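Below is one structure, written out as structure tokens; the observations come after it.
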Amino acid sequence: MRALLRPVAIVLSFVAVAAALGLAYVRTTGLRADTAPGAAEARAARMVRALSITAEHRNRRNPVPASPAAVSSGLEHFADHCASCHGNDGSGDTQYGRGLYPRPLDLRAAATQQLTDGELFYVIEHGIRFTGMPAFGTGETNGEEDTWHLVHFIRHLPRLTESERERMNELNPRSVEDVRQQLEEERFLKGL
């Protein structure tokens with residue numbers, strides 16, 4: 001009987017320590033989304049993400065050949081679908097991005113650029129739980145091709161030009177208020 005109680009006591013001790021650490025984490029962070037995760041938490045999250053992506057997905061090669069057309073297509077898709085959180089420059093420094101926890105990754109940074117094409121594809125298609133990164137996968141061939149174009153564009157982000165940024169500004173979704181204001185300006189200029 002004593003031999004059985006010892007493993008149970010060890011497991012219960014482990015559970016108690018884990019619960020105490022969890023409670024301490026909740027109390028010290030308040031589970032607030034307006035603070036940046038600490039280095040240990042960020043490292044742990046990257047490790048869990050790496051463990052969650054199978055070797056099959058990690059080793060997938062981009063079937064879309066790298067070309068200016070693929071980057072341009074990715075730029076257009078990124079400006080319309082991704083820039084509200086990641087910013088046109090990929091920094092993640094946007095109104096929405098600053099409110100997410102964890103914050104969107106700086107897609108230009110080495111930590112992102114060192115991911116394989118397969119890992120980037122996987123994250124875009126399937127999202128990441130407990131973050132603001134949704135799953136964009138449709139399971140359709142044309143949707144996957146759009147994602148592979150995005151992978152090419154993400155690789156291009158560290159070399160983004162000012163003219164590309166300006167083009168993206170034109171492609172970014174506009175609010176109803178922005179459209180209304182533009183229409184009022186046009187009416188005014190036409191004397192209506």
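Things worth noting here:
- Angle of helix 141-156 to the longest C-alpha principal axis of the chain, folded into 0 to 90 degrees and rounded to 10: 90°.
- Span from the region 27-49 Cα centroid across to the region 127-192 one, whole angstrom: 28
- Among the trypsin sites (Lys or Arg not before Pro) in region 1-47, those placed in a DSSP loop whose Cβ has at most 10 other Cβ atoms within 10 Å are ARG32.
- Normalised contact order of the chain, rounded percent, pairs of Cα under 8 Å and 6 or more residues apart: 23
- Dividing the radius of gyration of the alpha carbons in the chain by their Kirkwood radius gives 1.13 for Rg/Rh.
- Between 0 and 90°, nearest 10: helix 162-171 axis offset from the chain longest Cα axis: 90
- Proportion of all alpha-carbon pairs of region 141-185 beyond 13 Å (%): 70
- Tilt relative to the chain, helix 117-126 - C-alpha long axis, 0 to 90 degrees, to 10: 90
No lab work stands behind these numbers, since they all come straight from the coordinates. Here the structure is a predicted model, which means the values were calculated and not measured. Neighbour counts run over all protein chains shown; Cβ positions are idealised from the backbone, glycine included.
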